[in-house]
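Q: Structure below; questions to follow.
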């Protein structure tokens, strides 16, 4: 899909409500090591007895799986990897066995593993060179569904696996690039999606018993479809679409008569919707101006459930226990990594289970982010997320960085990123640009960069300098550009096509040669390949002329400003050769270049030691060449 170059954690950047104006002040300076003593904790699926949550944390400097007790007694480490990051998926429905996943060195060929209560581990998808993903438990909790591309590297087939024998049974053989999005509780129906472009798709209802496939998304114009779930009664399919609308909303489709009815619609994109196990509650997540807002509804009474509120953060996700009496809340702020809370729906008692911010760091020394907007070259309003260093004033002007998210089609939004806070703590203002083509602002805005990459979107980033100049406390002689994945491409495009715009560039896992990248996308992206070609250009057609034109590698002689490049050797999306070649060519210009290659990473960081090394060197580079 449009997010095929989306990097991992590094590409989702904070966005918060406007902060109160404050006077410049001196704050403590923290090292990169202190910032990466923070913990990252993800997940939170309840165990069978609902006494603990399955979570993933990098407490050991690499991700491992833990059981987090809901009574506040702490975490018990369940896996003990020292080389590969392990990510928890789910506890078993009736015991404390669990499923986790990992790849090798960032190659993205994830396998599914089961660890039993004695600590024994079994690879239940042991097919070399394949990628597998968990797709949910069957309603009777005796089996689960998963997809794998073991038969054909290009397509994912759907299997059901019995948890007594661990023998997989083929449910759906995918030969035409459909994506399985939802499975009915009676196992009779699948909801399939066929990507046409990154802004247009079709949805189908597939009968597993008969093989009949019914087209259920006939529409005019561009529209996307994202099936979410079938209800317990197997009567309705709930899906997201932006058919006839700028924004994505929730629709119910009746299996009996094919009628569609609108369920939830607002002036922002609905990101997800689901019902609790016995459908007492419905949870809807909405992307409201780069911040997730969660709504929970009691389906029995029709009333909204009042969830706890948090002074400086917001609930980003909710997991409800099978008994529908307990809730795991994930709460995010722009000044601390997300924390996990436990909320009892019956007693209304709220307990904080994690403290992820390094206690050596005073949270008041970090910076709340602000949502801002500015006009671009053609008058289009560009949303952005701004971070003002506490030290900045008209008397003490600071350097600045334009941050560009990944994608194409990503969004700088709510979350916490230690690198940004680290750089701001060291007196760099940062504006994270949601250039045209970013998600979250309607489908017209989303499509504005189609076959316009390196052009209109680049100008949006350059026009961020006008906003910076208007503030009065930015040293406009010291403005750089930084970004990861697609954002890394934008860094190189800026240096190659607008060499006077920025004073330095930091390219993190970025594309430099679109011809190579689009020809070498991983085989498991086959279902979205044509859609990507529709947006970016087909390298096997006359589009190759334009792709050559917008690829910085072929214009590297124009790069005159200092450059830093970070690259994972095992990256299957942006191959190492891309960075090797751009570094060699820019060095030939006599330009200062720093190249940091990580032999044990893929498309993004999963190891703390590498984050500390890479991100620490970014500050050293900026201090030498910008500040």
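The values are calculated or read from the model by the stated rules, or taken from the named source; none is laboratory data. This is a predicted model, so every value here is computed, not measured. Cβ sites come from the backbone with ideal geometry, for glycine too, and all protein chains shown count toward neighbours.
Q: I'd like to check something: does the stretch 88-102 contain any residue that is at pLDDT below 95 and either in a loop (DSSP other than H, G, I, E, B) or surrounded by 20 or more Cβ atoms within 10 Å (Cβ to Cβ) (or both)?
A: To start, the set of residues in the stretch 88-102 that are at pLDDT below 95 comprises none.
No: the stretch 88-102 contains no residue that is at pLDDT below 95 and either in a loop (DSSP other than H, G, I, E, B) or surrounded by 20 or more Cβ atoms within 10 Å (Cβ to Cβ) (or both).
Q: Further question: Could you pull out the residue among 164, 173 that is at pLDDT below 95, farther than 30 Å from residue 537 by Cβ and surrounded by fewer than 20 Cβ atoms within 10 Å (Cβ to Cβ)? Break it down stepwise before answering.
A: Working: 173 fails: at pLDDT below 95.
After applying the criteria, what remains is 164.
Q: Can you confirm whether residue 261 is free of Cβ contacts under 8 Å to residues at least 12 places away in the same chain, assigned to a strand (DSSP E or B) and farther than 16 Å from residue 299 by Cα? Give the steps one after another, and end with the answer.
A: Values: free of Cβ contacts under 8 Å to residues at least 12 places away in the same chain: yes; assigned to a strand (DSSP E or B): yes; farther than 16 Å from residue 299 by Cα: yes.
Answer is yes for this residue.
Q: Do we have residue 67 as modelled with pLDDT of 95 or more and surrounded by fewer than 17 Cβ atoms within 10 Å (Cβ to Cβ) here?
A: Numbers: modelled with pLDDT of 95 or more: yes; surrounded by fewer than 17 Cβ atoms within 10 Å (Cβ to Cβ): no.
For residue 67, the condition - modelled with pLDDT of 95 or more and surrounded by fewer than 17 Cβ atoms within 10 Å (Cβ to Cβ) - is not met.
Q: Report, by residue number, each residue of the stretch 32-55 that is closer than 30 Å to residue 617 by Cα and either free of Cβ contacts under 8 Å to residues at least 40 places away in the same chain or not in a strand (DSSP E or B) (or both).
A: Answer for the stretch 32-55, where residues must be closer than 30 Å to residue 617 by Cα and either free of Cβ contacts under 8 Å to residues at least 40 places away in the same chain or not in a strand (DSSP E or B) (or both): 32, 33, 34, 35, 36, 37, 38, 39, 40.
Q: Same structure again: Filter the stretch 323-381 down to the residues that are under 30 Å from residue 462 (Cα atoms), touching a helix residue (DSSP H, G or I) at 6+ places or on another chain (Cβ under 6 Å) and surrounded by fewer than 17 Cβ atoms within 10 Å (Cβ to Cβ) and list them by number.
A: Answer for the stretch 323-381, where residues must be under 30 Å from residue 462 (Cα atoms), touching a helix residue (DSSP H, G or I) at 6+ places or on another chain (Cβ under 6 Å) and surrounded by fewer than 17 Cβ atoms within 10 Å (Cβ to Cβ): just 377.
Q: Looking at the stretch 287-381, what strands (runs of 3 or more DSSP E) fall wholly within it and have at least 1 residues that are touching a residue at least 40 places away in the same chain (Cβ under 8 Å) and within 30 Å of residue 444 (Cβ to Cβ)? Even if it seems obvious, please write down each step before you answer.
A: Values: elements: 291-298, 314-320, 326-332, 339-344, 350-352, 370-375.
Those strands (runs of 3 or more DSSP E) span 291-298, 314-320, 326-332, 370-375.
Q: Can you confirm whether residue 151 is assigned to a strand (DSSP E or B), over 24 Å from the mean Cα position of the chain (by Cα) and either crowded, with 19+ Cβ neighbours inside 10 Å or touching a residue at least 12 places away in the same chain (Cβ under 8 Å) (or both)? Even if it seems obvious, please write down each step before you answer.
A: Values: assigned to a strand (DSSP E or B): yes; over 24 Å from the mean Cα position of the chain (by Cα): yes; either crowded, with 19+ Cβ neighbours inside 10 Å or touching a residue at least 12 places away in the same chain (Cβ under 8 Å) (or both): yes.
It is true that residue 151 is assigned to a strand (DSSP E or B), over 24 Å from the mean Cα position of the chain (by Cα) and either crowded, with 19+ Cβ neighbours inside 10 Å or touching a residue at least 12 places away in the same chain (Cβ under 8 Å) (or both).
Q: Among (1) touching a helix residue (DSSP H, G or I) at 6+ places or on another chain (Cβ under 8 Å); (2) modelled with pLDDT of 95 or more; (3) over 22 Å from residue 533 (Cα atoms), which single condition is residue 460 missing?
A: In the conditions (1) touching a helix residue (DSSP H, G or I) at 6+ places or on another chain (Cβ under 8 Å); (2) modelled with pLDDT of 95 or more; (3) over 22 Å from residue 533 (Cα atoms), residue 460 misses (1) alone.
Q: Check 544, 527, 579 and return the single one that is more than 21 Å from residue 616 (Cα to Cα), within 25 Å of the chain's Cα centre (by Cα) and part of a helix (DSSP H, G or I).
A: Working: 544 fails: within 25 Å of the chain's Cα centre (by Cα); 579 fails: more than 21 Å from residue 616 (Cα to Cα).
Just a single option satisfies the conditions, and that option is 527.
Q: Kindly indicate the residue of the stretch 271-286 that is outside any strand (DSSP E or B) and in contact with a strand residue (DSSP E or B) (Cβ under 8 Å, 6 or more places away or on another chain) and also surrounded by the fewest Cβ atoms within 10 Å (Cβ to Cβ) among those meeting that condition. Walk me through how you get there before you give the answer.
A: Just the residues of the stretch 271-286 that are outside any strand (DSSP E or B), to begin with: 276-280.
Of the ones still in play, those that are also in contact with a strand residue (DSSP E or B) (Cβ under 8 Å, 6 or more places away or on another chain) are 276-277, 280.
Working: 276: 19, 277: 15, 280: 18.
Among those that are outside any strand (DSSP E or B) and in contact with a strand residue (DSSP E or B) (Cβ under 8 Å, 6 or more places away or on another chain), it is 277.
Q: Also: How do the pairs read when you match residues in the stretch 65-86 that are over 20 Å from residue 329 (Cβ atoms) with residues anywhere that are at pLDDT below 95 and not in a loop (DSSP other than H, G, I, E, B), using Cβ under 8 Å and keeping only pairs 6 or more apart or on different chains?
A: Close Cβ pairs (under 8 Å, with a partner that is at pLDDT below 95 and not in a loop (DSSP other than H, G, I, E, B)) amount to 81/62; 82/62; 83/62; 84/62; 85/62; 85/607.
Q: Condition first: touching a helix residue (DSSP H, G or I) at 6+ places or on another chain (Cβ under 9 Å) and surrounded by fewer than 16 Cβ atoms within 10 Å (Cβ to Cβ). Now tell me which residues in the stretch 176-195 satisfy that.
A: 176
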